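The values are calculated or read from the model by the stated rules, or taken from the named source; none is laboratory data. Computed from a prediction, not measured in an experiment: that's the story for all the values here. Neighbour counts run over all protein chains shown; Cβ positions are idealised from the backbone, glycine included. Note: accessible area is taken over every heavy atom of the protein model, side chains too, but ligands, DNA and RNA are not part of it. Shrake-Rupley method; radii C 1.70, N 1.55, O 1.52, S 1.80 Å.
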Amino acid sequence: QVQLVESGGGLVQTGGSLRLSCVASKITFSSYTMGWFRQAPGKEREFVAAIARDAGRVYYADSVKGRFTISRDNAKNTVYLQMNSLKPADTAVYSCAARLIGGNYDTPSAYNYWGQGTQVTVSS
């Protein structure tokens with residue numbers, strides 16, 4: 001079956017950086033829009049960023065714009081999330097997701113496959 005595996009999470013102090021990776025298998029990776037979502041304790045899952053299958057379009061939540069950068073390498077079946085200037089409010093479990101067709105880029109239900117998530121903790 002389709003498998004998405006995230007890595008790169010961890011503990012970082014305020015102002016630090018992390019780079020998350022998500023590698024996909026058993027899909028035609030270049031056919032999928034890829035997204036990143038996060039869920040913090042006591043909060044609902046929220047959209048973070050998304051990138052079109054050809055990398056021609058990118059989308060960001062207002063809360064991360066200017067600090068986070070999403071990119072993809074279709075040859076490696078991998079999508080990345082570079083996170084800079086991290087704040088405690090960024091603490092959450094970050095999950096990557098793949099969307100083949102339809103729906104809005106910022107809507108979780110529009111995505112077909114999900115990774116198990118990686119924990120990001122930002123201390124102050």
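Might you let me know whether the stretch 70-80 holds any residue that is out of contact with any Phe, Trp or Tyr (no Cβ under 6 Å at 6 or more places or on another chain), closer than 15 Å to residue 3 by Cα and loosely packed, with under 15 Cβ neighbours inside 10 Å? Within the stretch 70-80, one or more residues are out of contact with any Phe, Trp or Tyr (no Cβ under 6 Å at 6 or more places or on another chain), closer than 15 Å to residue 3 by Cα and loosely packed, with under 15 Cβ neighbours inside 10 Å.
Could you count how many residues in the stretch 13-60 are under 17 Å from residue 112 (Cβ atoms) and hydroxyl-bearing (Ser, Thr, Tyr)? Write out each step before concluding.
Filtering the stretch 13-60 for residues under 17 Å from residue 112 (Cβ atoms) gives 22-37, 45, 47, 50-53.
If we keep only those that are hydroxyl-bearing (Ser, Thr, Tyr) as well, we get 25, 28, 30-33.
Total satisfying the criteria: 6.
Identification of strands (runs of 3 or more DSSP E) wholly contained in the stretch 13-65 with 3 or more residues that are open to solvent by less than 30 Å² (accessible area, probe 1.4 Å) yields 18-25, 33-39, 46-51. Can we say residue 77 is free of Cβ contacts under 8 Å to residues at least 12 places away in the same chain and touching a helix residue (DSSP H, G or I) at 6+ places or on another chain (Cβ under 8 Å)? Criteria not met by residue 77.
For the stretch 28-80, name all the residues that are of a type in the set (Val, Ile, Thr), modelled with pLDDT of 90 or more and out of contact with any Gly (no Cβ under 8 Å at 6 or more places or on another chain). I'd like the intermediate steps shown before the answer.
First, the residues of the stretch 28-80 that are of a type in the set (Val, Ile, Thr): 28, 33, 48, 51, 58, 64, 69-70, 78-79.
Subset that is modelled with pLDDT of 90 or more: 33, 48, 51, 58, 64, 69-70, 78-79.
If the condition is that a residue be of a type in the set (Val, Ile, Thr), modelled with pLDDT of 90 or more and out of contact with any Gly (no Cβ under 8 Å at 6 or more places or on another chain), then 33, 58, 64, 69, 70, 78, 79 are the ones that fit.
Restricting the stretch 81-118 to residues that are part of a strand (DSSP E or B) and more than 12 Å from the chain's Cα centre (by Cα) leaves a set whose member that is surrounded by the most Cβ atoms within 10 Å (Cβ to Cβ) is 99.
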